[in-house]
Every structure is written in structure tokens, then in C-alpha cells.
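Working notes, beginning with the structure itself.
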Amino acid sequence: MEKQQILTIIKSYISKMPSLPTTVSKILQICNDPKTSPGDLNQVISLDPVLMGKVMRLINSAYYSLPNQITSLVRAIIMLGINTVKNLAISTAILGNLGKKNNFQALNMNGFWRHSICVGVTSKLIARHRKVDPSLLEGYFVAGLLHDLGKIPLNNKMSDEYVEAISLTDKEHIPLYKSEEQVIEVNHAEVGKLIIESWKLGKDTEDAVYYHHALDEYQGEFLDVVYAIAAANIFANTFEIGFSGDRYPEKLPDSVFKYLGINWDYLEGIEDQVNSEIEKAQIFLRVAS
């Protein structure tokens, strides 16, 4: 099958996925306004009982370990922060659409999401180490969480070919995206970009998803995010935290480590912290799903 035919199949699959709920779209719109206040979000979320329940469950979960229960939605939004609420809404929509077990034929669902969470929390830790604006940290988590999203449609629509691609990776000791291109002619980064574009999740996330295996080609404005996700992905694969089919990742260019101000000693040193953060993030995703 030719690449264009495959892309047509994948695009059809993506087009048939439910669009982002109205509430989530409205939240994204509000959060893109620098003048947004917790009151603005309160007005939208209070009209969506399901999402409101998730916000309240999250603030009162072990993720935050607060001494007293929070009962006010506005207070919960203030304490969580606008970006955390936005990313909870995004995660809820994505897990609702793509997190189901029947979407995983060639890959193990639990291993996939653990890998994805690992990349999310690791990229967030790297960003914090670099003293990135705290209000942006959750964006690193979501970009990392979604970096391999394109594997799900490939896995679902072309499961036999995807098993073949994973086998080729193991046999030839090559990165999975290269075996995807050999077997299916499309790699997961290309497919992931289509999903992020369809849902309008932001250029920073789109670039991280599309370029995390093509760092030399990147010339955009979100180098911090793209590099952090690439480094976190190498970390997750090398330390085998979760599994997304990629046992033989490419070596990360030294220039990426230099830009981020980290090295392998730093990554090895945060392994325990990463595992602890993964357990906390599992709570976040359980609330979202």
C-alpha cells in the first residue's frame, strides 16, 4: 500500500474520532487569553458536572495530599492553577477517545501509558531544573504524555503491519519510527501531528510530537519543549520505564544535552524521583479517565 493510501486511512480514522467536547474547546479558548481568571474557568466548568467532578476529585486526591477537603470549585481552580485544569480537561478528552483497551492491538496499553507518563514527568522535571516559568510546566507534561499518540491509530488500523514493524525493530536493532517507515511508510510522529492539529492542542505540543525524532530539522520557536521531550523519551526507553515498542532508540545529539544543561549523570540521578512522580501522575490520569 502506498503512503498516500495509508495517510487517507489514518486521516479517515482521525476524522471519525469524536471531536473535543464543547467544554474542553471553551477551556482551551479561555486559557489562551492572558487575561483569563479562575472565575472565567469556573463559569465554564460549573456547567459540566463530569469535568467539575474530576477537578474536585483531583484537588482532593493523594496527588496533592491536602490536610482539609476542598469543596469550592473556584478555590480548587485557584489551587490547581489554570494550566493544570486545562491539562486535566485535555487528558480527559484524549483518554476518553484513545485510552480504551481495544485501541491497543500490537502494544500493551499499560506499558504504553506508563512510558508516556514517564516522558511527561521527566520533561517536566527537566524544565523545572532549567527554571522554566512554573506556569508552563504542565505544558511539558502534556506534550510528553502525548508524544507517542500517533502510535494508537497505527496500532488500531494496521495492527498486523505494526506487529511486523515492532519485530523489525527488534531484529534490525533500529528505532521504531524507522521500522514504521519501512513497513507502513508512515511514522507515529506524522500521525500524532495530524491528531494534535485536528484537536487544535497548540503549536508547542504539535512540534514536540512531530519533531521528537527529527531534532536536526526543527527550526521553530519551541526548542525548549521539543528538546525536553526528546531527552525524556530517550531516558524512558533507555531505563525501560514502561514500553512503547522502541527498544533501540537513536543516540541523542550532544548538542541537545548542552542546550538543556543536563547530562546522563543528571538523568540517572533523577530516576527515583521520576518513578515517584509517575505514581503521582497515575492518580492524575485515573481522575482524567
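Every read-out reported here was derived from the displayed coordinates using simple, explicitly stated rules and does not represent laboratory data. Keep in mind that this is a model prediction, so the values were computed, not measured. Note that each Cβ is placed from the backbone with ideal geometry, even for glycine, and that neighbours are counted across all protein chains shown.
As a check on your grasp of the helix formula, calculate [θ] at 222 nm for the chain: sum -39500 (n - 2.57) over DSSP H runs of n ≥ 4, divide by the residue count, round to the nearest 500.
Rounded to the nearest 500, the figure is -21000 deg cm²/dmol.
Which FRET efficiency, nearest 0.05, do Thr8 and Ser276 yield, Cβ-Cβ r, R0 41 Å?
The computed FRET efficiency comes out at 0.40.
Just in the range 78-117: which trypsin sites (Lys or Arg not before Pro) are loop by DSSP and have at most 16 other Cβ atoms within 10 Å?
Lys100
Given R₀ = 35 Å, what would the calculated FRET efficiency be for Gln182 paired with Ser65, taking r from the Cβ atoms and rounding to 0.05?
0.15
Between Lys100 and Ser72, what length in nm is gained on full extension when 0.36 nm per residue of separation is reduced by their alpha carbon distance?
This chain segment gains 6.9 nm when fully extended.
Given 0.36 nm per residue, what is the gain on full extension from Glu217 to Lys200 after removing their alpha carbon distance, in nm?
Result for the pair: 3.9 nm of gain on full extension.
Sequence neighbours fewer than 8 away in the same chain don't count; with that in mind, list the lysines whose C-alpha is under 18 Å from Lys157.
Reachable lysines: Lys3, Lys11, Lys16, Lys100, Lys101, Lys193.
May I ask for the net charge around Ser255, where only other residues with Cβ less than 15 Å from the Cβ of Ser255 are counted and Lys, Arg are +1 while Asp, Glu are -1?
So the surrounding residues net to -3.
Taking all pairs of distinct Cα atoms, average 1/r, flip it, and tell me the Kirkwood hydrodynamic radius of the range 6-81 in Å to one decimal place.
14.3 Å
Roughly how many nanometres apart are two label points built 7 Å out from the Cα toward the Cβ at His173 and Phe243?
Result: 1.9 nm between the two label points.
Give the Debye-formula value of log10 I(q)/I(0) at each listed q (0.08, 0.17 Å⁻¹), with one equal scatterer per alpha carbon of the chain, two decimals each.
-0.33, -1.47
Please work out the Cα center distance from the range 1-66 to the range 103-145, rounded to the nearest Å.
Going from one Cα centre to the other spans 17 Å.
Span-like helices, the chain: DSSP H, alpha-carbon axial extent 27 Å or more, mean Kyte-Doolittle -0.5 or greater, which ones?
Within the chain the helices that satisfy the rule are 109-129.
Enumerate the aspartates and glutamates that Lys200 could reach by cross-link, defined here as Cα to Cα under 19 Å, with residues fewer than 8 away along the same chain left out.
Asp33, Glu138, Asp148, Glu190, Glu221
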